[in-house]
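Let me begin by presenting the structure, written as structure tokens, before commenting on it.
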Number of protein chains: 2
Amino acid sequence: MKFTEMLEARWRNQNTLLCVGLDPNRSRFPEELADSPNAIYDFCCGIVDATADLVCAFKPQIAYFASEGAEDALKRIIEYIHANHPGIPVILDAKRGDIGSTCEHYAREAFERFKADCVTLSPYMGEDTITPYLKYEEKGIFLLCRTSNKSGDELQMLDVGGERLFERVARLTAEKWNRTGELGLVVGATYPDELAAVRRVAPDIPLLVPGVGAQGGDIHAAVTAGMDTRGAGMVINSGRAILYASKGADWREAARQAAEATRDAINAARGA
Amino acid sequence: MKFTEMLEARWRNQNTLLCVGLDPNRSRFPEELADSPNAIYDFCCGIVDATADLVCAFKPQIAYFASEGAEDALKRIIEYIHANHPGIPVILDAKRGDIGSTCEHYAREAFERFKADCVTLSPYMGEDTITPYLKYEEKGIFLLCRTSNKSGDELQMLDVGGERLFERVARLTAEKWNRTGELGLVVGATYPDELAAVRRVAPDIPLLVPGVGAQGGDIHAAVTAGMDTRGAGMVINSGRAILYASKGADWREAARQAAEATRDAINAARGA
């Protein structure tokens with residue numbers, strides 16, 4: 001099944017634009033997992049089970065696994081999601097960016113080794129970065145466009161012939177690179193005006209929107225600026241605010257409550 | 001020891017700007033390794049031993065390991081280089097690009113898990129991408145600047161207020177981001193004019209230059225355009241043309257000969 005069809009089905013049938021980011025940070029794990037040899041796997045699967053019906057996608061961030069040599073746990077977590085919650089797409093947040101045969105190996109990493117449904121990439125090297133991924137016709141790609149961090153301005157806000165660099169990336173994506181119909185853009189929640197600018201250039205493209213929750217983006221402003229004409233088209237990520245809602249025995253329930261509150265705030269803003 | 005000091009020592013004492021890229025591709029391995037369970041490790045260490053005295057650095061490309069789940073082999077290969085050829089810096093070609101705590105985890109991956117001396121990064125998210133790496137004061141970073149692929153033009157050649165985007169990246173690196181003195185830039189060998197443009201903006205910054213050998217860049221033009229005033233300042237990478245010089249029993253000697261010929265061609269161009 002195509003990545004965008006999976007997303008569409010979740011938006012419609014589950015009425016949610018929330019994505020839970022799986023960023024496992026041992027120092028913030030619940031106390032009861034302190035001595036578990038499988039803490040990363042147990043924690044992530046616990047969060048997955050507690051929030052699955054509330055999300056349109058899960059987004060594991062590979063850096064948190066790679067720093068620990070926990071690729072095997074990552075693989076098993078994605079298998080767990082596919083087996084136990086079929087239909088929920090998994091976005092591997094990797095922000096890779098390379099070309100040619102190297103890029104083919106990165107695509108194999110994401111889609112064959114880890115069996116992700118979608119991956120995040122950096123656009124700095126142009127269309128060559130995307131091409132090897134497009135052989136996997138059903139898989140999705142979110143390209144970095146306008147990131148939520150302060151120094152994102154240094155390149156992304158530069159004027160390039162009457163538009164800003166991030167708008168050029170959005171336009172190239174919408175008008176040239178999107179050969180499979182499975183491309184999307186990463187646009188931070190912290191800049192609603194720029195979210196709206198991307199939406200104008202790319203009216204039908206899914207937007208992956210980090211920066212709500214722990215990063216402080218305002219949900220109402222982001223949703224109003226970024227939703228498509230159907231009130232969908234967004235994958236709004238929250239990680240830490242949900243994952244680490246409690247360190248106590250109630251960590252699963254606390255995560256669920258935080259996820260539910262975020263989903264509801266998003267839906268209120270959509271008028272859904 | 002600082003990354004740049006390791007490089008300087010190799011440039012001076014070994015009289016070489018050659019970097020051998022470790023891009024292990026099983027389908028091109030020597031026949032004698034076809035049935036080896038440790039083929040990636042055995043192949044890379046064989047290449048390392050055959051070429052160590054000819055290089056200023058080794059550059060493993062992590063995608064080739066990640067697609068196979070061979071992170072352990074990568075770790076052991078880097079350990080092997082440090083143990084058996086001390087003083088040769090290892091550049092982990094990863095082209096990561098993220099921010100904040102995610103970026104801290106990527107830095108741990110490169111410098112603590114894999115014990116690389118240097119890493120490649122993408123500049124699209126600005127200085128925030130670099131900051132977490134700078135805590136490792138002795139480690140190097142090569143930022144993507146002007147890449148050798150065709151569609152690199154799409155963003156890198158855009159005019160941004162009188163200079164091109166890749167020149168802006170070079171200028172930000174040379175004038176603002178290089179707080180530890182350990183930053184460098186990736187500039188493809190295929191565009192000597194643009195190599196020269198980067199060298200003008202960043203006269204003292206090491207350049208990592210892929211695109212010679214299998215990628216067809218002209219060595220003489222690249223060296224003339226990119227060397228610093230001392231006739232050094234470049235890390236010129238060749239991968240496939242050296243690694244896969246022979247599939248027969250002479251693969252080590254063939255790799256050595258290809259490396260030696262490349263080093264000599266570089267030195268002839270430097271007038272060294």
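The numbers here are math on the coordinates, done by the rules we state, and not lab data. None of these values were measured; they are calculated from a predicted model. No Cβ is skipped: glycine too gets one built from the backbone with ideal geometry, and neighbour counts run over all protein chains shown.
Each of A:Glu167, A:Glu253 has some number of other Cβ atoms within 10 Å of its Cβ, and from fewest to most they run A:Glu253, A:Glu167. Each peptide in A:198-205, A:187-194, B:100-107, A:226-233 gets a packing score, the mean of other Cβ atoms within 10 Å over its residues, and the list from highest to lowest is A:187-194, B:100-107, A:198-205, A:226-233. Amide H contacts under 5 Å for B:Lys95: B:Thr120, B:Leu121, restricted to partners 5 or more places along the chain or on a different chain, H placed in the peptide plane at 1.01 Å from N.
Remark: the protein assembly as shown is approximated by an ellipsoid whose semi-axes, taken from the C-alpha gyration tensor as √(5λ), come to 40, 26, 20 Å, largest first. Note on A:Leu74, B:Leu195: ascending count of other Cβ atoms within 10 Å places them as A:Leu74, B:Leu195, the fewest first.
Averaged over peptide A:18-29, the number of partner chain Cβ atoms lying within 10 Å of each residue's Cβ comes to 1. Taken along the Cα-to-beta-carbon direction at a fixed 7 Å, the label points for A:Asn13 and A:Glu31 span 4.1 nm. Counting from the shortest, the label point at A:Arg179, 7 Å from Cα toward Cβ, is 4.1 nm from the same position in each remaining copy. For segment A:3-270, lysine pairs with C-alpha atoms less than 15 angstrom apart, excluding pairs fewer than eight positions apart on the same chain, total 7. What separates the A:Gly161 label point from its copies, with the point 7 Å along Cα to Cβ, is 2.0 nm, written shortest first.
Compute the separation of the alpha-carbon centres of segment A:8-58 and segment A:203-256 and state it in Å as a whole number. That distance is 13 Å. Between A:Asn84 and A:Met157, the FRET efficiency from the beta-carbon distance, with R0 = 45 Å, is close to 0.60.
In chain B, helical runs assigned H by DSSP with n ≥ 4 each contribute -39500 (n - 2.57); averaged across all residues and rounded to the nearest 500, the mean residue ellipticity at 222 nm is -11500 deg cm²/dmol.
Taking 0.36 nm per residue of separation and subtracting the current Cα-Cα distance, fully stretching the chain between B:His220 and B:Asp49 would add 58.9 nm.
Can you give the mean number of other chain Cβ atoms that lie within 10 Å of the Cβ atoms in peptide B:142-154?
Mean partner shielding for this stretch: 5.
Along segment A:147-164 the Karplus relation, 6.51 cos²θ - 1.76 cosθ + 1.60 evaluated at θ = phi - 60°, assigns HN-Hα couplings of 8, 7, 7, 4, 6, x, 4, 3, 10, 5, 8, 5, 6, 10, x, x, 9, 8 Hz to successive residues, with x for each Gly and Pro. Going from the residue with the fewest nearby Cβ atoms within 10 Å to the one with the most, A:His220, A:His82 rank A:His220, A:His82. What the Cβ-Cβ distance of B:Glu137 and B:Asp264 gives, at R0 = 56 Å and to the nearest 0.05, is a FRET efficiency of 0.95. Calculated FRET efficiency, B:Lys75 to A:Asp72, Cβ-Cβ distance, R0 = 22 Å: about 0.95 to the nearest 0.05. Taking amide H as placed 1.01 Å from N in the peptide plane, B:Val186 has its amide H under 5 Å from the amide H of B:Leu143, B:Leu144, B:Cys145, B:Arg146, B:Leu208, each at least 5 places away in sequence or on another chain.
Inter-copy label distances at B:Ser101, using a point 7 Å along Cα-to-Cβ, come to 4.0 nm with the shortest given first. Using θ = phi - 60° and the Karplus form 6.51 cos²θ - 1.76 cosθ + 1.60, what ³J(HN,Hα) does each residue of segment A:244-259 get, whole Hz, x for Gly and Pro? Values per residue, Gly and Pro as x: 10, 5, 8, 9, x, 5, 8, 4, 5, 5, 5, 5, 4, 5, 5, 5 Hz. Peptide B:157-165 has a mean shielding of 3, counted as Cβ atoms of other protein chains within 10 Å of each residue's Cβ.
Note that segment A:56-70 has calculated 3J(HN,Hα) couplings of 9, 6, 10, 10, x, 9, 5, 4, 5, 8, 5, 5, 9, x, 9 Hz, one per residue in order, obtained from phi through the Karplus relation 6.51 cos²θ - 1.76 cosθ + 1.60 (θ = phi - 60°); glycine and proline are x.
Annotation: amide H of B:Gly21 within the under-5 Å range of B:Lys59, B:Ser238, B:Gly239, sequence separation 5 or more or interchain, hydrogens built in the peptide plane.
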